[in-house]
Amino acid sequence: MMFHLFCRATSIPAFLIWLMAAPLQAQGLLRDADLEYGLKQLAAPVLSAAGLSPARVKILVVNESSLNAFVVSNDAIYIHYGLINRLETAGMLQAVIAHEAAHIANGHLTRRMTNLASTRTASGLGLALAAAAAVAGAGSAAGGIAIGTQSSAQARFFKHTRAEEASADQSGIRFMKSGGIDPKGMLDVLSIFRGQEVLAETRQDPYLRSHPFSRDRLRAVEGFVSAYGNITAENPNHAYWFERIKGKLSAYTRAPKWTLGRLEQSPYADVRLLREAVAEHRQSRTKQALRAIDAAIALRPDDPFLHDQRGQILMETRNFQAAAAAYGRAVQLAPNDALVLSGYGQALLAINDINKARQVLEKSRSIDFRDGSMLRDLSIAYAKSNQTGMASLVTAERYALSGRMEDAEIHAKRASGLLDTGTTSWQRAQDVLIAAERAEKRR
């Protein structure tokens with residue numbers, strides 16, 4: 001399933017629940033298998049140099065056009081799609097990742113969130129994201145996020161100090177150098193924000209509200225970059241995946257006419273065809289979209305994400321049998337990619353292969369339970385399999401993800417009454433109930 005939205009929620013200390021009382025309705029994550037695989041390719045050398053596991057720390061894209069990146073836990077780095085669209089090289093995107101990885105590696109989160117509950121429990125899924133995104137968006141998202149006293153508290157809670165920024169800059173540059181990446185990308189990123197420090201805070205990009213900027217900081221980074229020296233040869237794999245990430249993101253977030261008029265700007269034929277397929281699909285020109293994606297597949301026949309994209313086009317044009325076949329081929333090529341499995345499960349549901357759909361979706365959830373679309377489909381599969389307790393449980397988790405804690409509580413109570421007491425599934429329902437009760441106390 002391509003570019004579906006998801007909003008996170010988690011049970012964490014009461015203070016944070018108070019911070020997160022304002023619902024995050026308009027902001028969420030853009031989940032896409034192709035996009036997240038590419039980000040993993042760029043992040044891996046940086047995370048490894050930072051002593052972090054590339055398999056554990058995910059790079060996730062926030063559905064927000066402003067410029068920002070942030071961390072709120074030790075297992076994920078969040079980047080606004082607007083910032084990715086603004087960057088010009090793989091090194092610049094890797095610099096953003098390196099800086100945020102440094103906040104994790106240097107313990108900047110641990111000191112202020114020592115009691116953060118595990119994000120690996122069902123209810124531990126991310127009210128922290130809601131709080132940080134509220135700060136990052138600062139009310140810019142459609143639908144609004146509460147501002148005033150709460151936003152001020154959130155901003156103070158998540159804003160890094162100048163000392164932390166200096167530490168993250170220096171460590172990030174060191175991680176880039178160790179990973180074979182030109183640290184000049186860090187300087188190029190900061191140059192985007194040059195001059196904004198003199199603007200009123202309401203006119204600054206959100207990045208500056210959580211990452212203090214100054215001329216002294218810029219001069220320090222210039223000194224670090226000079227000391228570490230330049231790496232002139234760009235890794236060709238990094239260059240390719242940056243073009244693909246940015247190309248696909250812009251194809252989905254900009255007007256199709258804009259994309260079609262700039263196809264030749266990409267030096268990679270398959271990326272040009274992928275962008276063309278997305279733009280044509282968004283204009284409901286299915287034949288043209290399929291022709292483009294098929295041409296891309298001909299160039300990279302063993303690329304699971306191109307087959308996944310083909311599945312999406314077919315699924316959204318209600319050609320369900322063909323969509324299931326396309327997703328099935330993607331799963332053959334990437335059997336452990338949660339988002340590819342999610343798309344396949346949805347297609348299997350559409351052709352009424354309920355048992356197989358449930359198995360595929362259960363596997364997807366076991367790998368990554370942060371996908372709201374997958375949870376919706378899994379609840380349907382359980383319901384059609386007469387497993388009403390599990391259907392209620394997964395529905396409760398899905399509502400918790402989107403911040404609808406009252407609805408989550410209703411379904412979690414129903415699940416608790418239907419599931420065997422003490423089982424893992426019953427405990428998942430209790431996690432949601434605890435999160436809902438704490439949220440209710442702080443309203």
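The values are calculated or read from the model by the stated rules, or taken from the named source; none is laboratory data. The structure presented is a predicted model; accordingly, all values stated were derived computationally and were not measured. Positions of Cβ are backbone-derived with ideal geometry, glycine not excepted, and every protein chain shown enters the neighbour counts. For the accessible areas, the whole protein counts, side chains as well, though only heavy atoms, and no ligand, DNA or RNA atoms are used. Shrake-Rupley method; radii C 1.70, N 1.55, O 1.52, S 1.80 Å.
A few notes on this one:
- Filtered residue count, the stretch 381-400, keeping only those that are open to solvent by 70 Å² or more (accessible area, probe 1.4 Å), touching a helix residue (DSSP H, G or I) at 6+ places or on another chain (Cβ under 8 Å) and farther than 14 Å from ALA429 by Cβ: 1
- LEU333 touching a Pro at 6+ places or on another chain (Cβ under 7 Å), surrounded by fewer than 24 Cβ atoms within 10 Å (Cβ to Cβ) and at pLDDT 95 or above: yes
- Every pair of residues 6+ apart whose Cβ atoms lie under 8 Å, when the first sits in the stretch 38-52 and is over 11 Å from VAL96 (Cβ atoms) while the second is crowded, with 21+ Cβ neighbours inside 10 Å and among the basic types (Lys, Arg): GLY38/ARG244
- Flag set for ASN355, criterion: out of contact with any Lys or Arg (no Cβ under 9 Å at 6 or more places or on another chain) and assigned to a helix (DSSP H, G or I).
- Screening ALA412, ALA350 for residues that are surrounded by 24 or more Cβ atoms within 10 Å (Cβ to Cβ) and either more than 28 Å from GLN288 (Cα to Cα) or in contact (Cβ under 8 Å) with a residue 24 or more places away in the chain (or both) leaves exactly one candidate, ALA412.
- Qualifying positions in the stretch 231-246 - surrounded by 22 or more Cβ atoms within 10 Å (Cβ to Cβ) and either without any contact (Cβ under 8 Å) to a residue 40 or more places away in the chain or polar (S, T, N, Q) (or both): none
- Where a residue in the stretch 252-281 is touching a residue at least 40 places away in the same chain (Cβ under 8 Å) and under 24 Å from GLU64 (Cβ atoms) and its partner, wherever it lies, is open to solvent by 60 Å² or more (accessible area, probe 1.4 Å) and charged (D, E, K, R), with Cβ under 8 Å and at least six apart: TYR252/ARG282
- Condition broken by ALA295, with the remaining ones in (1) open to solvent by 20 Å² or more (accessible area, probe 1.4 Å); (2) farther than 20 Å from GLY82 by Cβ; (3) modelled with pLDDT under 95 satisfied: (3)
- Members of the stretch 337-367 found to be polar (S, T, N, Q) and touching a helix residue (DSSP H, G or I) at 6+ places or on another chain (Cβ under 6 Å), listed by number: SER342, GLN346, SER364
- Within the stretch 397-414, restricting attention to residues that are among the aliphatic types (A, V, I, L, M) and modelled with pLDDT under 95, the residue that is nearest to GLY345 (Cα to Cα) is LEU401.
- The residue that is modelled with the lowest pLDDT, counting only those in the stretch 186-197 that are in a loop (DSSP other than H, G, I, E, B) and under 17 Å from HIS99 (Cβ atoms), is ARG194.
- Applying a threshold of 6 Å to beta carbon distances and a minimum spacing of six or more residues, or different chains, the list of pairs starting in the stretch 282-293 at a residue that is part of a helix (DSSP H, G or I) and ending at one that is surrounded by 15 or more Cβ atoms within 10 Å (Cβ to Cβ) and hydroxyl-bearing (Ser, Thr, Tyr) reads THR286/THR317.
- Condition met for VAL360 (open to solvent by less than 50 Å² (accessible area, probe 1.4 Å) and free of Cβ contacts under 8 Å to residues at least 40 places away in the same chain): yes
- ASN237 vs. criteria over 21 Å from ASN68 (Cα atoms), modelled with pLDDT of 80 or more and either part of a loop (DSSP other than H, G, I, E, B) or polar (S, T, N, Q) (or both): yes
- Residues located in the stretch 291-331, provided they are at positive phi and among the aliphatic types (A, V, I, L, M): none
- So ALA324, is it more than 19 Å from GLU36 (Cα to Cα) and open to solvent by 30 Å² or more (accessible area, probe 1.4 Å): no
- Of residues in the stretch 303-321 being surrounded by fewer than 19 Cβ atoms within 10 Å (Cβ to Cβ) and either of a type in the set (Gly, Ala, Ser) or touching a helix residue (DSSP H, G or I) at 6+ places or on another chain (Cβ under 6 Å) (or both), the one nearest to LEU375 (Cα to Cα): PHE320
- In the stretch 198-234, residue modelled with the lowest pLDDT [restricted to those that are under 23 Å from ALA44 (Cα atoms) and β-branched (Val, Ile, Thr)]: THR232
- Of all the listed residues (VAL225, VAL278, VAL221), the sole one being buried (at least 18 other Cβ atoms within 10 Å of the Cβ) and under 18 Å from LEU30 (Cα atoms) is VAL278.
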